[in-house]
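A quick write-up on the structure given underneath.
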Amino acid sequence: MVLITGASSGIGAAVADRFAGAPGWRLLLHGRDKVRLDEVASRTRGAVLRADLADPAGAAHLARTALESAGHVDVLVAAAGIGWAGPFTAIPPAAIDEVLAVDLASVVHLVRRLLPQMVARGRGRVVLLGSIAGSVGVEEEAVYSAAKGALAAFADSLRYELKGSGVEICVVVPGVVDTPFFERRGTPYHRSRPKPLPADRVAEAVWRAVVRRNRDEVFVPPWLRLPARVHGAVPVVFRRLAERFG
């Protein structure tokens, strides 16, 4: 049984399609867009679960209904996410709260609610959708970058706790992906590089993270690991390069 958040469009919908194409998987699907989520559920034969992850109680409600309807959850794919782009001095306080609620707090609470039953059964997979913005920071995406960076640290901490438990945590770190994300945040993607990836390429990475063991961190495309590592090893050099080349 796999629970996929953000399944009404973009990466989440592509992940649902990928799992539906493999035998033996039952899908629990969460999303914000009712019409699109129903369409995804229809073609993937998934069960629809409603919850507002911007609401502090939303994650608890989603976890409870998932466990009540399925009995257990083997895999969580946390693909729900929102963004906001622009100068940090211009972001409305309400937008800060919403980005942190959906992209970080709801994920932490959802994992907290679902992890115990995975540990009790000695098996499970948690796949968190990160972003290269969380690995290196992106200009005019300060809050989004902070949320995604915190997810990576959250995953690292959990791995230490879960060693030997049979439960694995993976963070899939995509670059720019061709989804409605940019339209919904109110600012279209305007950079000439890197070019946006199709969502199904990220979905394939998520699938492999689930079916293959010991995949703690997956960059999509793989070359994104290089700037992330340069940023970690020599951040001053990275920032100078980023300022020069964008």
**Item:** Helix 199-211 axis, angle to the chain major axis (alpha carbon atoms, nearest 10°)
**Value:** 60
**With every protein chain in place, the stretch 5-129: carbon and sulfur % of accessible area (1.4 Å)** = 57
**Fill in**
For the chain, longest principal axis from Cα atoms; helix 34-44 axis from its Cα atoms; angle between them, nearest 10 degrees, is 60
**Item:** Computed over the chain: relative contact order in percent, which uses C-alpha pairs under 8 Å that are six or more apart
**Value:** 19
**Message:** For the chain, what does the helix formula give at 222 nm: sum of -39500 (n - 2.57) over DSSP H segments with n ≥ 4, over the residue count, nearest 500 deg cm²/dmol?
**Reply:** -15000 deg cm²/dmol
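The values are calculated or read from the model by the stated rules, or taken from the named source; none is laboratory data. Computed from a predicted structure; not experimentally measured. For the accessible areas, the whole protein counts, side chains as well, though only heavy atoms, and no ligand, DNA or RNA atoms are used. Shrake-Rupley method; radii C 1.70, N 1.55, O 1.52, S 1.80 Å.
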